[in-house]
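Here is the structure we will look at, set down as structure tokens.
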Amino acid sequence: MNLSNLKPAEGSVKHSKRIGRGAGSGKGGTATRGNKGAKARSGYHQKVGFEGGQMPLYRRVPKFGFKNMNRVEYVGINIDMLNTLAEAKNITDFTLEVFKQNGLIGAKGRIKILGRGELNKTINVAAHAFSATAKSAIEAKGGVATIIETVKKVEE
């Protein structure tokens, strides 16, 4: 075997049909598009969700409720998770960077510390929000619960 006789595996390369290249090709004339109509024309594009004139699914299904576009989503992190991280990786100061490095939040995630579990170590936590039980549990062990202020964009 050498570079001059390399070939792709049998059946792995499929050549596309050459459509609309004259009557002699066998794929000329209507070029496999059938006769007339919008689908036979060049530049045809069907609208997303179009079901051939039938009432589309997005209009058949009833809609209800309210979706607040200004809602602020928080990632909930419980005290037991902080405790396991503190013991396993010997972390005492939890900041946004620490949460990102350990895969608990994404690039723009907001954190709320929740009160499930027990805390065995003294830790300092900086987060966007705290539940009352979480804040009291952190402060009971001698730690500090710091709220991170987020800068809101002001339109002028």
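Quickly run through region 99-154 and pick out the residues that are buried (at least 16 other Cβ atoms within 10 Å of the Cβ), of a type in the set (A, V, I, L, M), part of a loop (DSSP other than H, G, I, E, B) and more than 24 Å from the chain's Cα centre (by Cα). Leu119, Ile123 - these are the residues of region 99-154 that are buried (at least 16 other Cβ atoms within 10 Å of the Cβ), of a type in the set (A, V, I, L, M), part of a loop (DSSP other than H, G, I, E, B) and more than 24 Å from the chain's Cα centre (by Cα). Does Arg59 satisfy being assigned to a helix (DSSP H, G or I) and more than 22 Å from Ser131 (Cα to Cα)? Here the answer is yes, as Arg59 does meet what is asked. Check region 64-79 and report whether any residue there is assigned to a strand (DSSP E or B) and more than 22 Å from Ile148 (Cβ to Cβ). For region 64-79, residues assigned to a strand (DSSP E or B) and more than 22 Å from Ile148 (Cβ to Cβ): absent.
When region 27-49 is limited to residues that are surrounded by 10 or more Cβ atoms within 10 Å (Cβ to Cβ) and without any contact (Cβ under 8 Å) to a residue 12 or more places away in the chain, the one that is nearest to the chain's Cα centre (by Cα) turns out to be Gln46.
Using the structure shown, decide if Leu82 is more than 22 Å from Lys108 (Cα to Cα) and touching a strand residue (DSSP E or B) at 6+ places or on another chain (Cβ under 9 Å). Answer is no for this residue.
Among Arg33, Arg21, Arg60, which is touching a helix residue (DSSP H, G or I) at 6+ places or on another chain (Cβ under 8 Å) and either basic (Lys, Arg) or modelled with pLDDT under 90 (or both)?
Arg33
The values are calculated or read from the model by the stated rules, or taken from the named source; none is laboratory data. Only a predicted model underlies this, so the values are computations on that prediction, with no experimental measurement involved. Using ideal geometry, Cβ is built from the backbone for each residue, glycine included, and neighbour counts are taken over all protein chains shown.
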